[in-house]
Amino acid sequence: MADPLTIDRIRERLRVLEPQAIEVIDDSALHAGHEGARSGGGHYRLHLVSARFHGLPRVARHRLVYDALDPLMRREVHALAMTLLAPDEVRAAPSAASAASKTSP
């Protein structure tokens, strides 16, 4: 099972992206017995809205997140599923907007 402080660490490290909305969900329990779970790394889902993503392709957005989380990706985080949106994309994608707006920074 993942360290309960890992979500707080993820949120703290992602502040550099100036999130307008952020939600981090620990899915580690769903992966019990998986190789990554045995090694101590958790499985997480991230929904993040940031103006820093405006005009960037998906790969560049993922790179920004991975760069911010680099120290955590080495041990605490085994897998990270990401939904990364610019603010104008939230208005265009209502289902993503409701998921991403559940938790503000």
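The values are calculated or read from the model by the stated rules, or taken from the named source; none is laboratory data. All figures in this text were calculated on a predicted structure; none of them were measured in a lab. Note that we place each Cβ from the backbone using ideal geometry, even for glycine, and neighbour counts take in every protein chain shown.
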Subset of the stretch 65-88 [at pLDDT 95 or above, more than 12 Å from L46 (Cβ to Cβ) and either of a type in the set (G, A, S) or in contact with a strand residue (DSSP E or B) (Cβ under 8 Å, 6 or more places away or on another chain) (or both)]: A86, P87
Tally, over the stretch 40-87, of residues that are without any contact (Cβ under 8 Å) to a residue 60 or more places away in the chain, among the β-branched types (V, I, T) and under 21 Å from A21 (Cβ atoms): 3
Subset of the stretch 23-48 (residues that are in a loop (DSSP other than H, G, I, E, B) and either at pLDDT below 60 or not aliphatic (A, V, I, L, M) (or both)): D27, G33, H34, S39, G40, G41
Filter pass, A2 being at pLDDT 95 or above and surrounded by 12 or more Cβ atoms within 10 Å (Cβ to Cβ): no
